[in-house]
Amino acid sequence: GVGAARAGNLTFMVGGVEQEFDAAKELLTCMGSNVVYCGEVGTGQAAKICNNMLLAVSMIGTAEAMNLGIR
């Protein structure tokens, strides 16, 4: 989120040619504390989608538990 971006604590999940990742890694570490090479082109996006889905499932579960508790 915005707070992590301001603090430089973002996580970058990167896909692409490994040599190009190595060239860009130094720049990415200026903006984030975690820079992960995921493999071929598109694998960084796939990892991010999986991460977002896991977060959504967790948030839905929390909301359902709160709703059940209120009732």
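Contact map, segment 29-44: residues that are without any contact (Cβ under 8 Å) to a residue 24 or more places away in the chain and under 19 Å from residue 8 (Cα atoms) paired with residues that are of a type in the set (D, E, K, R) and open to solvent by 70 Å² or more (accessible area, probe 1.4 Å), Cβ distance under 9 Å, separation 6+ or inter-chain. Pairs shown: 37/18; 37/22; 37/25. Checked against the criteria, residue 66 counts as of a type in the set (A, V, I, L, M) and free of Cβ contacts under 8 Å to residues at least 12 places away in the same chain.
Comparison of 18, 26 shows that the only residue that is farther than 21 Å from residue 4 by Cβ and among the acidic types (Asp, Glu) is 18.
If the condition is being of a type in the set (Phe, Trp, Tyr) and under 13 Å from the mean Cα position of the chain (by Cα), then segment 9-56 contributes 12, 37. Selection of helices (runs of 4 or more DSSP H) fully inside the chain by the criterion of at least 2 residues being of a type in the set (Gly, Ala, Ser) and either open to solvent by less than 80 Å² (accessible area, probe 1.4 Å) or in contact with a helix residue (DSSP H, G or I) (Cβ under 6 Å, 6 or more places away or on another chain) (or both) returns 2-7, 43-70.
The values are calculated or read from the model by the stated rules, or taken from the named source; none is laboratory data. Fair warning: this is a prediction, and the values are worked out from it, not measured in the lab. A quick note on method: Cβ atoms are made from the backbone with ideal geometry, for glycine too, and the neighbour counts reach across all protein chains shown. Only protein heavy atoms, including side chains, enter the accessible area calculation; ligands, DNA and RNA are left aside. Shrake-Rupley method; radii C 1.70, N 1.55, O 1.52, S 1.80 Å.
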